[in-house]
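The values are calculated or read from the model by the stated rules, or taken from the named source; none is laboratory data. This is a predicted model, so every value here is computed, not measured. Glycine gets a Cβ as well: all are built from the backbone with ideal geometry, and neighbour counts include every protein chain shown.
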Amino acid sequence: MNAQLMRCKKRTDTQDMELSMDLMVILQLQNKEEERNADRAILERLAKKLELQSLAELRAETMAIKKLINNSGSGGQQQQQLADSTRQMVDLLNRFKEIAGVDEKDVLGGEVSMPKSLDKCPSLMIPNDFLCPITLEIMTDPVIVASGQTYERRSIQKWLDSGERTCPKSRQPLAHLSLAPNYALKNLILQWCDKHMVELQKRETEEHKAEAEDIPSLVEGMSSIHPDVQRKAVKKIRRLSKECPENRTLIADTGGIPALIGLLACPDKKVQENTVTSLLNLSIDDKNKVLIARGGAIPLVIEILRNGTPEAQENSAATLFSLSMLDENKAAIGSLGGLAPLVELLRSSGTARGKKDAATAIFNLVLCPQNKARATQAGIVPALLKVMDDKALGMVDEALSIFLLLASHAACRAEIGTTAFVEKLVRLIKDGNSTPKNKECALSVLLELGTNNRPLLVHGLRFGLHEDLSKIAKNGTSRAQRKANSLIQLARKL
């Protein structure tokens with residue numbers, strides 16, 4: 001989470017496009033035995049982004065998944081869904097361990113067995129990273145501030161409450177005052193303490209307990225006839241819904257979702273912004289995705305996407321992406337007109353963050369066949385071409401990934417399949433400054449177009465593409481190598 005926050009310029013309310021796409025690809029390939037070792041480059045990219053590369057990181061994640069399995073129970077449809085997704089996590093974690101060279105048993109079976117050379121017991125000197133820079137005590141509730149530094153929650157909150165607006169350690173001005181829980185570090189601390197039999201003093205503050213107890217009254221406040229009460233309640237619900245799963249469950253169980261949906265049409269733009277962001281946070285849980293969609297939120301979220309504040313528009317796009325993770329919601333968002341405002345956000349003069357949110361949502365929505373034609377009618381092709389030409393955005397991969405999905409639909413392929421577009425793909429493949437992922441995506445789109453329209457591939461080959469294909473077939477990413485070899489074979493047939 002810390003790496004994502006830093007990379008996304010302190011963004012805390014959205015998912016990352018490339019991370020989501022890579023994860024989707026890997027999960028789809030897990031069921032295809034012949035492809036399990038084909039995408040090592042994607043696995044390495046995922047492991048790096050998820051910070052699951054080192055022994056300590058993999059250990060912490062193993063313990064977290066074991067805890068999830070132990071607490072999941074058994075029986076019922078929800079438990080079966082949890083078991084399926086847990087199996088996917090276990091499979092993915094084991095593959096991360098393979099590429100990291102860690103030799104251990106399946107998470108579901110037995111104790112974790114680490115190489116002895118890596119498992120030497122250190123002295124009881126407490127690792128510096130476990131100590132709060134303010135109190136120099138072991139942290140029990142570590143949180144990350146805007147500078148990226150981690151502190152004990154109670155200590156840094158006291159610092160901020162005193163009026164300070166800088167990072168105590170680095171003295172950097174803080175861009176915002178949000179505190180993000182550092183779960184990975186907390187897991188490592190707990191594991192270290194358990195190993196060395198160090199008893200941690202539990203410091204769950206009374207303030208946290210009180211805030212959780214306030215949720216029912218806050219939900220009631222969102223339905224108040226007094227605008228000030230509504231405004232304060234939804235602002236606090238936004239923060240609480242982001243902080244922990246228990247809060248999200250309590251908000252949903254006490255009727256928070258219908259109350260929030262009722263506020264989406266509020267004329268107060270700030271209330272709209274806090275409301276749609278609260279729904280985004282709640283939609284992390286799959287059962288809430290269903291409740292939000294069935295409660296009639298989708299058309300109201302689309303309306304905020306059209307007319308809300310810039311931040312509300314961005315978070316509305318992220319909310320539509322989150323909701324569209326369920327197949328039934330993909331079709332609903334498309335049929336209710338969600339693609340047109342997403343395309344508009346993509347081609348607007350707004351922020352890069354907003355464009356990434358829009359691209360993420362569009363990518364997921366066009367996985368539904370009916371939405372491919374809708375996206376094309378909404379003007380997605382010129383919008384994506386504009387995104388590709390804007391080098392400052394750095395969204396070439398995102399645009400090409402959407403093009404690849406559109407190219408599988410005959411009507412969309414007819415609009416994409418032009419000689420000018422093929423030449424753009426050829427330039428990306430031949431350009432020495434293109435990233436390996438750029439080349440990989442461009443090859444995938446060219447292969448899809450060329451398979452269905454041979455004259456287009458012939459046109460691309462006229463630009464001396466054979467040599468580049470041969471190089472990529474030897475030195476490209478594993479996926480790029482497969483695509484390059486397929487193009488070479490297709491060219492030979494021609």
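Structure above, values below:
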{"item": "Only one of Leu326, Leu300 that is at pLDDT 95 or above and either closer than 24 Å to Met21 by Cβ or hydrophobic (A, V, I, L, M, F, W, C) (or both)", "result": "Leu300"}
{"item": "Unique match (being of a type in the set (Val, Ile, Thr), at pLDDT below 95 and surrounded by fewer than 18 Cβ atoms within 10 Å (Cβ to Cβ)) among Val229, Val219, Val234", "result": "Val229"}
{"item": "Count of residues meeting criterion [in contact with a Ser or Thr (Cβ under 9 Å, 6 or more places away or on another chain), at pLDDT 90 or above and in a helix (DSSP H, G or I)] in region 243-260", "result": "5"}
{"item": "Only one of Asn288, Asn307, Asn274 that is surrounded by 24 or more Cβ atoms within 10 Å (Cβ to Cβ) and of a type outside the set (Val, Ile, Thr)", "result": "Asn274"}
{"item": "Answer residue from region 411-433, given it is touching a residue at least 24 places away in the same chain (Cβ under 8 Å) and among the small types (Gly, Ala, Ser) and is surrounded by the fewest Cβ atoms within 10 Å (Cβ to Cβ) among those", "result": "Ala411"}
{"item": "Arg171 vs. criteria outside any helix (DSSP H, G or I), outside the structural domain of Glu61 (by TED's automatic domain parsing) and either within 22 Å of the chain's Cα centre (by Cα) or not hydroxyl-bearing (Ser, Thr, Tyr) (or both)", "result": "yes"}
{"item": "Region 151-194, residues that are under 26 Å from Lys236 (Cα atoms) and small (Gly, Ala, Ser)", "result": "Ser155, Ser162, Gly163, Ala175, Ser178, Ala180, Ala184"}
{"item": "Members of region 434-453 that are outside any helix (DSSP H, G or I) and either of a type in the set (Phe, Trp, Tyr) or within 27 Å of the chain's Cα centre (by Cα) (or both)", "result": "Ser434, Thr435"}
{"item": "Residue ID - surrounded by the fewest Cβ atoms within 10 Å (Cβ to Cβ), chosen from residues in region 151-201 that are of a type in the set (S, T, N, Q) and without any contact (Cβ under 8 Å) to a residue 12 or more places away in the chain", "result": "Ser162"}
{"item": "Yes/no for Leu240 being buried (at least 18 other Cβ atoms within 10 Å of the Cβ), touching a helix residue (DSSP H, G or I) at 6+ places or on another chain (Cβ under 7 Å) and at pLDDT 90 or above", "result": "no"}
{"item": "Entirely in region 261-312, the helices (runs of 4 or more DSSP H) that have 3 or more residues that are free of Cβ contacts under 8 Å to residues at least 12 places away in the same chain and out of contact with any Pro (no Cβ under 6 Å at 6 or more places or on another chain)", "result": "none"}
{"item": "Qualifying residue in region 480-493 (condition: within 25 Å of Ile42 (Cβ to Cβ), surrounded by 14 or more Cβ atoms within 10 Å (Cβ to Cβ), over 32 Å from the mean Cα position of the chain (by Cα) and without any contact (Cβ under 8 Å) to a residue 24 or more places away in the chain)", "result": "yes"}
{"item": "Residues within region 454-494 that are of a type in the set (Val, Ile, Thr) and outside any helix (DSSP H, G or I), tallied", "result": "1"}
{"item": "Some residue of region 351-366 being without any contact (Cβ under 8 Å) to a residue 24 or more places away in the chain, surrounded by fewer than 24 Cβ atoms within 10 Å (Cβ to Cβ) and of a type outside the set (Val, Ile, Thr)", "result": "no"}
{"item": "Helices (runs of 4 or more DSSP H) (entirely within region 325-426) containing at least 3 residues that are touching a His at 6+ places or on another chain (Cβ under 9 Å) and outside the structural domain of Val458 (by TED's automatic domain parsing)", "result": "369-377"}
{"item": "Those residues of region 181-216 which are out of contact with any strand residue (DSSP E or B) (no Cβ under 9 Å at 6 or more places or on another chain), outside any helix (DSSP H, G or I) and either at pLDDT 70 or above or under 17 Å from Lys66 (Cβ atoms) (or both), in sequence order", "result": "His196, Met197"}
{"item": "Test: residue in region 447-462 that is surrounded by fewer than 22 Cβ atoms within 10 Å (Cβ to Cβ) and on the phi > 0 side of the Ramachandran plot", "result": "no"}
